[in-house]
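Notes to accompany the following structure.
The values are calculated or read from the model by the stated rules, or taken from the named source; none is laboratory data. Everything numeric in this text was worked out from a predicted model, so none of it was measured. We place every Cβ from the backbone using ideal geometry, glycine too, and count neighbours over all the protein chains shown. All accessible areas refer to the heavy atoms of the entire protein, side chains included, with ligands and DNA or RNA removed. Shrake-Rupley method; radii C 1.70, N 1.55, O 1.52, S 1.80 Å.
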Amino acid sequence: MSFVAKTWLAGADGCKEGWVVVLRESRSGEMLTRVVTDIEEVLRWNEPPAVLCIDVPIGLLEQAVRGGRVCDRAARGLLGQPRARSVFSPPARAALAARNYTEALRLNRASAAGAPGISRQCYGILPKIKEVDSLMTPSLQERVLEVHPEL
C-alpha cells in the first residue's frame with residue numbers, strides 16, 4: 001500500500017481563546033476543527049495546511065485612505081447593501097502600535113493628510129491583525145490569504 005500525503009486546506013477566525021481553525025483534507029473531504037492560541041502554531045504543524053485563509057486584513061497600508069484598500073472596496077461592491085457594512089477598512093500599519101482606542105484613532109489619522117480614524121470593530125481585532133501582520137513574509141503570502149467569509 002502506498003502512502004499518500006494529505007493536503008489540508010484551512011480557514012481561521014479569531015476567537016476569545018485565540019483562533020478557531022477548520023481544516024478540510026482536499027482528497028477525502030475529512031474535516032477537523034482545532035482551537036489554537038496563536039496562528040503561528042498552525043504554520044508549525046507536522047502537516048501544515050497548503051492554504052490557510054484568515055478572516056483578518058492582510059497587507060496593510062502605510063497611509064490610511066477613506067474606504068480602505070482596493071480589495072475592501074471591491075468586496076463591498078460585490079456584497080451590496082446592507083452586507084457591505086460587514087467589510088470594515090483596516091488600520092494603517094502605524095495604528096498597530098496603539099495601546100488604546102484613542103491612540104489607535106490618532107495614529108491612523110496621523111498616517112496621512114485627511115486619513116480617517118478606525119472603527120471600534122477594527123480596534124477590537126487589532127491584536128489579531130497585529131499578530132498576522134508580524135508573521136507575514138513574501139513566501140507565506142503564497143499560502144496565507146485574507147478572506148471575507150461574507151463573500
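Over the chain, what is the percentage of antiparallel beta bridges among all DSSP beta bridges, to the nearest 5? Around 65 percent of the beta bridges assigned by DSSP in the chain are antiparallel ones.
If R0 is taken as 22 Å, the Cβ-Cβ distance between residue 71 and residue 41 corresponds to a FRET efficiency of 0.25. When a 1.4 Å probe is rolled over the protein heavy atoms, the share of accessible surface on the chain that falls to carbon and sulfur comes to 56 percent. Roughly how tilted is helix 126-135, in degrees to the nearest 10 and between 0 and 90, from the longest Cα axis of the chain? Approximately 60 degrees, to the nearest 10.
How large is log10 I(q)/I(0) at q = 0.13, 0.15, 0.18 Å⁻¹ when the Debye formula is applied to the Cα atoms of segment 100-151, each weighted equally and without solvent? Per q value, in the given order, log10 I(q)/I(0) is -0.44, -0.58, -0.77. Taking amide H atoms as placed 1.01 Å from N in the peptide plane, the amide H of residue 146 lies under 5 Å from those of 54, each 5 or more residues away in sequence or on another chain.
The mean sequence separation of alpha-carbon pairs under 8 Å and at least six residues apart, normalised by the residue count of segment 56-151, gives a relative contact order of 35 percent. When each of the peptides 106-114, 27-35 is scored by the mean number of other C-beta atoms lying within 10 Å of its residues, the order from highest to lowest reads 106-114, 27-35. Expressed in units of 2.2 N^0.38 Å, where N is the residue count, the Cα radius of gyration of the chain is 1.15. The local environment of residue 36, defined by Cβ-Cβ distances under 13 Å, has a net charge of -2 under the rule Lys, Arg +1 and Asp, Glu -1.
Quick check: Cα centre of segment 36-56 to Cα centre of segment 88-151, how many Å? Here the answer is 19 Å between Cα centres.
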